[in-house]
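Written out below as structure tokens is the structure these notes cover.
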Amino acid sequence: MNFLKIFSIFLIATFFLTSCSKKEKISLVVQEDVELQMVRAFREGYKEFEAGDALYAAKKFNEAELLFPQSSWAPKAALMAAYVYYAQDYYFDAEFELKRFIKTYPKNPDLNYAHFLLAMVYYEQIVDEKKDLGPLLKAQEKFNFIIKNYPNSDYALDSKYKLDLIQDYLASKEMYIGSHYMKKKKWVASINRYKTVVEEYEKTIYVEEALHRLVELYFTIGLENESQKYASLLGYNYQSSKWYEKSYKIFNKNYKSKLELKKEKKSMLKKFKKLFD
């Protein structure tokens, strides 16, 4: 009886071990098979991307990610899907993929690049800052995020450069609105716009003109002291500027710029030559 029990236990144990061994082999084969499929899908995606088919390429990269999600190549595939969308101007799809990547792989070493690429997605959609500030403000927020969270990365350096350009865009919008109000003779509204440029966008290319417009506007409404204050500021910082010459002329009507004097000399020379024709 004891022998039969021992023999039965032995048979059960042998069956169990054999079964596990087979399952393990099958599992390994399936795993290798899936990994090969993943690599194949990734390669196909890259090939289609080089061929210019962004939609099919992104589909293959998504397929590679889904086939072997625990692989280190899964986040790379997800990021490649986002990049091919971005490269072919499918910004809505690129934004979706990048947000998904950031949420799915919060500790991935390429997370800084994902944030930067998302900022670029917004930046590339800046078409007319005078009408739609949405993409511009989103890009600005994201570039600031990169500088704050990844200050020593190459992306931070590029983000600073992009932020300078965004400042120019924003200043340009203020200048545009200021000019619009000026034409409508809404002096106070126009002054407020130009003051915004001087106070908030002092490093942009529009500061000189904004200072001149303030000189002009304050002089127009009879506030000469304010006008002189901005003229002094313009002269102190940009004395060689054409806008300084324009401002100077407001207070001195007889003042002639170098260009005007040059034109006068040319005109006199032409008259002089005609005497001998």
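The values are calculated or read from the model by the stated rules, or taken from the named source; none is laboratory data. Here the structure is a predicted model, which is why all the values come from computation and not from measurement. Ideal geometry is used to build each Cβ from the backbone, glycine not excepted, and the neighbour counts take in all protein chains shown.
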Might you let me know whether region 208-219 holds any residue that is assigned to a loop (DSSP other than H, G, I, E, B) and either surrounded by fewer than 14 Cβ atoms within 10 Å (Cβ to Cβ) or among the aliphatic types (A, V, I, L, M) (or both)? no
Pairs with Cβ under 7 Å, 6+ apart, first in region 109-130 and without any contact (Cβ under 8 Å) to a residue 24 or more places away in the chain, second among the β-branched types (Val, Ile, Thr): LEU111/ILE102
Look at region 64-112 and say how many of its residues are assigned to a loop (DSSP other than H, G, I, E, B) and either at pLDDT below 85 or polar (S, T, N, Q) (or both). 7
Can you tell me how many residues within region 172-205 are buried (at least 20 other Cβ atoms within 10 Å of the Cβ), charged (D, E, K, R) and over 21 Å from the mean Cα position of the chain (by Cα)? 1
Test LYS162 against the stated conditions and say whether it is closer than 26 Å to ILE102 by Cα, charged (D, E, K, R) and in a helix (DSSP H, G or I). yes
Can VAL215 be described as under 22 Å from LEU137 (Cβ atoms) and among the aliphatic types (A, V, I, L, M)? no
So if I check each of TYR169, TYR123, which one is surrounded by 15 or more Cβ atoms within 10 Å (Cβ to Cβ) and more than 30 Å from ASN62 (Cβ to Cβ)? TYR169
Name the residues in region 129-160 that are more than 19 Å from GLU95 (Cβ to Cβ) and basic (Lys, Arg), would you? LYS130, LYS131, LYS148, LYS160
With the structure loaded, tell me whether PHE116 is touching a Pro at 6+ places or on another chain (Cβ under 8 Å) and crowded, with 21+ Cβ neighbours inside 10 Å or whether it fails that test. no
In region 52-105, anything surrounded by fewer than 23 Cβ atoms within 10 Å (Cβ to Cβ), basic (Lys, Arg) and either closer than 14 Å to MET120 by Cβ or touching a residue at least 12 places away in the same chain (Cβ under 8 Å) (or both) is listed as LYS59, LYS76, LYS99, ARG100
Answer yes or no as to whether ASN152 is in a loop (DSSP other than H, G, I, E, B) and of a type in the set (S, T, N, Q). yes
Cβ-Cβ below 9 Å, separation at least six or inter-chain, first residue in region 160-185 and free of Cβ contacts under 8 Å to residues at least 12 places away in the same chain and under 21 Å from TYR218 (Cα atoms), second surrounded by fewer than 17 Cβ atoms within 10 Å (Cβ to Cβ) and charged (D, E, K, R): which pairs? HIS180/LYS186
Within region 214-265, track down each residue that is of a type outside the set (D, E, K, R), more than 38 Å from the chain's Cα centre (by Cα) and at pLDDT 85 or above. PHE219, THR220, ILE221, GLY222, LEU223, ASN225, GLN228
Would it be correct to say that ILE147 is over 30 Å from GLN70 (Cβ atoms), of a type in the set (A, V, I, L, M, F, W, C) and in contact (Cβ under 8 Å) with a residue 40 or more places away in the chain? no
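Listed here are the residues, each with its yes/no results for (1) modelled with pLDDT of 95 or more; (2) within 24 Å of VAL207 (Cβ to Cβ); (3) in contact with a Lys or Arg (Cβ under 6 Å, 6 or more places away or on another chain); (4) of a type in the set (Val, Ile, Thr).
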residue	(1), (2), (3), (4)
LYS130	no, yes, yes, no
LEU137	no, yes, no, no
ASN149	yes, no, no, no
ILE166	no, yes, no, yes
